[in-house]
Amino acid sequence: MKQFLLAITCGVLLSCNVQPENTVDGASYFNIEELLNKEIQYLIGQQAGLEKTLNSNGQSETTHMEPQTKEEWESQLSLFFEANIDKPGLREAYHEEDLSTVDGMSTKIYSAKSSKSFVQTLELLYNNEVLKQINIQTSEKNEVYSSGRNLKLFLDNGGQHIVGFDVSGDEKMRMKEAMNFEVKAVITY
């Protein structure tokens, strides 16, 4: 009897699908992490640099750096990595919408179904089916802290490589002055 129950249990377990569940239509969301990892390898190979200008509460500072390793580039692009919505836990968490115009411009928009989602919107802007820009809006809120950010990632004319990015937003904390900031970064070769 024990062997029979063990055989039934094994059969049930083996017949279960252990693949991550996809969205309703079986497709996944846009994977920005995959794009960034591929691009980091290219940037390292090109020995690219980064010029960043930070504006915060009326003050401005420009720095030039030359990240040498994958970890250094990941650090510079960390907000974009954090905004990846193509994760098993986020399946069916976003509405997907395609918008097209007659001049070859099109936009794919992923909108969060919940106001509690970290990434509220992710927009992919295409020109003649070539990815040109990625816009991401994030939001975090709890009893002590709130933050909203707008991230923009710009690609070259061929849609092959990142040419820069912008990050802007605000952070508010109880008993502290609110902070507004803007970072503009350009990839240098």
(message) So if each residue of separation counts as 0.36 nm, and I subtract the Cα-Cα distance between Ser78 and Ser100, what length gain in nm does that give?
(response) 4.9 nm
(request) Take the chain, connect every pair of alpha-carbon atoms lying under 10 Å apart with a spring to form a Gaussian network, then pick out the residue of Ala83, Ala178, Ala112 with the largest mean-square fluctuation. (result) Ala178
(request) Using a Gaussian network model of the chain whose springs link C-alpha atoms within less than 10 Å, name the residue from Leu99, Leu122, Leu77 with the highest mean-square fluctuation. (result) Leu99
(message) Whole angstrom only: what separates the Cα centroid of the range 82-115 from the Cα centroid of the range 128-189?
(response) 17 Å
(message) Run through the range 105-146 and list the GluC sites (Glu not before Pro) located in a DSSP loop whose Cβ has at most 15 other Cβ atoms within 10 Å.
(response) Glu129, Glu143
(message) Using the Cα centre of the chain as the reference point, and only Cβ charges (+1 on K/R, -1 on D/E), how large is the resulting charge dipole? Debye, rounded to the nearest 20.
(response) 600 debye
(request) Net charge near Gln76: determine it from the other residues with C-beta under 12 Å of the C-beta of Gln76, scoring Lys and Arg +1 and Asp and Glu -1. (result) -4
(request) Starting from the amide H of Val163, placed 1.01 Å from N in the peptide plane, find each other amide H under 5 Å away whose residue is 5 or more places distant or on another chain. (result) Phe154, Leu155, Asp156
(request) Enumerate the aspartates and glutamates that Lys172 could reach by cross-link, defined here as Cα to Cα under 17 Å, with residues fewer than 8 away along the same chain left out. (result) Glu140, Glu143, Glu182
(message) Based only on other Cβ atoms within 10 Å, what is the fewest-to-most ordering of Tyr126, Tyr94?
(response) Tyr126, Tyr94
(request) Describe numerically, in nm with one decimal, the distance between label points set 7 Å from Cα along Cα→Cβ at Ala178 and at Ala93. (result) 2.7 nm
(message) Amide H of Asn31 versus every other amide H placed in the peptide plane: which residues, excluding those fewer than 5 positions away on the same chain, fall under 5 Å?
(response) none
(message) For the chain, take the longest principal axis of its alpha carbons; what is the angle in degrees between that and the long axis of helix 32-45, to the nearest 10 within 0 to 90?
(response) 50 degrees
(message) Straight-line reach only, C-alpha to C-alpha below 16 angstrom: list the lysines that Lys116 could link to, leaving out same-chain residues fewer than 8 apart.
(response) Lys141
(message) Cut-off is 10 Å between beta-carbons; in what order do Arg91, Arg149, Arg174 appear when sorted fewest neighbours first?
(response) Arg174, Arg91, Arg149
(request) Might you report the magnitude of the Cβ-based charge dipole of the range 41-152 about its Cα centre, with Lys and Arg at +1 and Asp and Glu at -1, to the nearest 20 debye? (result) 240 debye
(request) Could you point to the label whose value was computed as log10 I(q)/I(0) by the Debye sum over Cα atoms at q = 0.10, 0.18, 0.19 Å⁻¹ for the structure here, given (1) -0.36, -1.16, -1.28; (2) -0.53, -1.31, -1.39; (3) -0.59, -1.41, -1.47? (result) (2)
(message) Helix-only mean residue ellipticity at 222 nm, the chain, DSSP H runs n ≥ 4 weighted -39,500 (n - 2.57), per residue, nearest 500. What is it?
(response) -6000 deg cm²/dmol
(request) Would you mind checking the tilt of helix 2-15 against the longest principal axis of the Cα atoms of the chain, expressed as 0 to 90 degrees and rounded to 10? (result) 40 degrees
(message) Can you work out the Karplus-derived ³J(HN,Hα) for every residue in the range 131-137? Use 6.51 cos²θ - 1.76 cosθ + 1.60 with θ = phi - 60°, whole Hz, and x for glycine or proline.
(response) 5, 10, 7, 10, 10, 9, 10
(message) Taking the beta-carbon count within 10 Å as an exposure proxy, list Val119, Val167, Val183 from fewest neighbours to most.
(response) Val183, Val167, Val119
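No lab work stands behind these numbers, since they all come straight from the coordinates. Model, not experiment: these values are computed from the prediction. Glycine gets a Cβ as well: all are built from the backbone with ideal geometry, and neighbour counts include every protein chain shown.
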